[in-house]
Structures are given as C-alpha cells and as structure tokens.
1. Which pairs turn up if I take residues in the stretch 28-53 that are over 24 Å from Gly197 (Cα atoms) and polar (S, T, N, Q) and look for partners that are modelled with pLDDT of 95 or more and in a strand (DSSP E or B) with beta carbon separation below 6 Å, at least 6 apart in sequence or on another chain?
2. Return the only residue of Ala111, Ala123, Ala107 being closer than 24 Å to Arg23 by Cα, without any contact (Cβ under 8 Å) to a residue 40 or more places away in the chain and among the aliphatic types (A, V, I, L, M).
3. Answer yes if at least one residue in the stretch 3-12 is at pLDDT below 90, surrounded by 19 or more Cβ atoms within 10 Å (Cβ to Cβ) and at negative phi, and no otherwise.
4. Got a number for residues in the stretch 193-217 being in contact with a helix residue (DSSP H, G or I) (Cβ under 9 Å, 6 or more places away or on another chain), modelled with pLDDT under 95 and more than 17 Å from Thr17 (Cβ to Cβ)?
5. Kindly list, by first and then second residue, each pair from a residue in the stretch 167-192 that is in a helix (DSSP H, G or I) to a residue that is among the polar types (S, T, N, Q) and open to solvent by 30 Å² or more (accessible area, probe 1.4 Å), limited to pairs with Cβ atoms under 7 Å and residues at least 6 apart or on different chains.
6. Output the qualifying pairs, or none if there are none: Cβ atoms under 6 angstrom, residues six or more apart or on different chains, first residue in the stretch 139-153 and over 16 Å from Asn98 (Cα atoms) and surrounded by fewer than 18 Cβ atoms within 10 Å (Cβ to Cβ), second residue among the charged types (D, E, K, R) and modelled with pLDDT of 95 or more.
7. Within the stretch 154-179, track down each residue that is open to solvent by 50 Å² or more (accessible area, probe 1.4 Å), modelled with pLDDT of 95 or more and among the small types (Gly, Ala, Ser).
8. Inside the stretch 193-218, can you point out the residues that are of a type in the set (Asp, Glu) and assigned to a helix (DSSP H, G or I)?
Amino acid sequence: MTDTVVVIYSGGMDSFTLLHLARARGYNVHALSFDYGQRHVRELACARHVCDELAMPHKVIDIRALSEVMAGSALTDNVAVPEGHYEEESMKATVVPNRNMILLSLATGYAVTAGAVAVWYGAHGGDHAIYPDCRPEFVEKMDAVCRVANYEPVGIEAPFMGSDKRDILAEGVKLGLDYSNTWTCYNGREKACGRCGSCVERLEAFAANGLSDPLPYEVAR
C-alpha cells in the first residue's frame, strides 16, 4: 500500500499510537500538529522529536490567531485545569469550542495539497461523554462533508472510535512503542500532574495493562 494519509498528531499517547498504526499498515504518513495556544504546548515538542526520529514529513501550524473564537477552555485560557475523571461534570471545562471541526477542516485542506486519501485523528470511546467532536455521529458527518468539499474526496477516519485508552495502549505495546516520547498532562509543567483527567485516564490505562508509565509525575503512584 502506498496511499498517503494525514495524521493529526498532537504529541499525546493516542495520536502517537495512531501515527505508528498508520505506518504499520503501510501508509505514507504526513503528520500535522497545531499550536492553538494550548496550556500543554509541551506535547508539540514531543511531536517534533518523534517525527524527526522517523524522518517523517511534519508540519506544525500556528493557529493562535483563532484564540478569540476558541476561548473559554481550561486548556487555552486562565482557567484552572479540573482534577478528577473524565466522567465528572467538571471536565467539560476542558472542551475547546469547535476544536476538532477547525482542525479537521485545515487538515483536509492539507490532505488535498499532499495528495492524501484521508485524515486520521485520535478520537476514542473514552472521549464520548465529554467531547461532542469525538463522537461517532460527528465523525460520520465530517467524513461526508470532507468527501464532497473538494474535487478530491478526503475521508475522515477515527480508527480508535470503538476503543478506550486501555485498548489504545495495548495496541501500542503490540507495536513496541516507547511512551516516554509522549505528553498527556493538561498542565505544561516539568512533570505530569497525575491529577487532571488526562493524567488519570493515562495512568488507569497503564495499570490495566500491567505496566508502569515511563513519565515522571508530581504525585506518588
């Protein structure tokens, strides 16, 4: 297989696994990352490092100018990052307005330019409760729109839609991946906090797979 796909690559563990899954399936992968003013911009450094190591085409697009229309989230504004599990109501503070529609639209434009057949992104089953733009109906409708938005149809695919983080990590373990090259914490400090929803879910995934997370944490594990 020589088809090209664009993978939206944040630098987190889900998109890291997705990136390598696309390579394992024989696709020619173009990685696309976005700087939208996220608090955890450290993830972009991970993305750059991984793509450099793989000698993979990688673009980082600065869309911070859109911050005024993507405001109000704990990930982008001066709002405290909530602690706890994603099932808790407080985690809605981490929703960035219309983020995935914006990112997928830009990625589709890049896919047309790069001659890619699809855009992949890392939405998964564990995100459904909190993030409307990670649910199956959103992916289905974005796929339909992006197939008719240009002369060249581009599919929108979320291969982990039926999986949770535990399943994603298990897939990565099969691929022999090193998760020290990822960043998941919503806080951009030297160590992962271990308390935000993203850290809690990540730690649960490692525990469920009988593994220790290679990242250093502020709290004892």
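The values are calculated or read from the model by the stated rules, or taken from the named source; none is laboratory data. All of these numbers come straight from a predicted model, not from anything done at the bench. Counting neighbours? That spans all protein chains shown, and the Cβs are built from the backbone with ideal geometry, glycine included. These area figures cover heavy atoms from the full protein model, side chains too; ligands, DNA and RNA do not enter into them. Shrake-Rupley method; radii C 1.70, N 1.55, O 1.52, S 1.80 Å.
1. Sorted first by the residue in the stretch 28-53, then by its partner, the pairs are Asn28/Thr4.
2. Matching residue, one of Ala111, Ala123, Ala107: Ala123.
3. no
4. The number of residues fulfilling the criteria is 4.
5. From residues that are in a helix (DSSP H, G or I), the pairs are Leu169/Asn209; Ala170/Asn209; Val173/Asn209.
6. Sorted first by the residue in the stretch 139-153, then by its partner, the pairs are Pro153/Arg147.
7. Gly176
8. Glu201, Glu204
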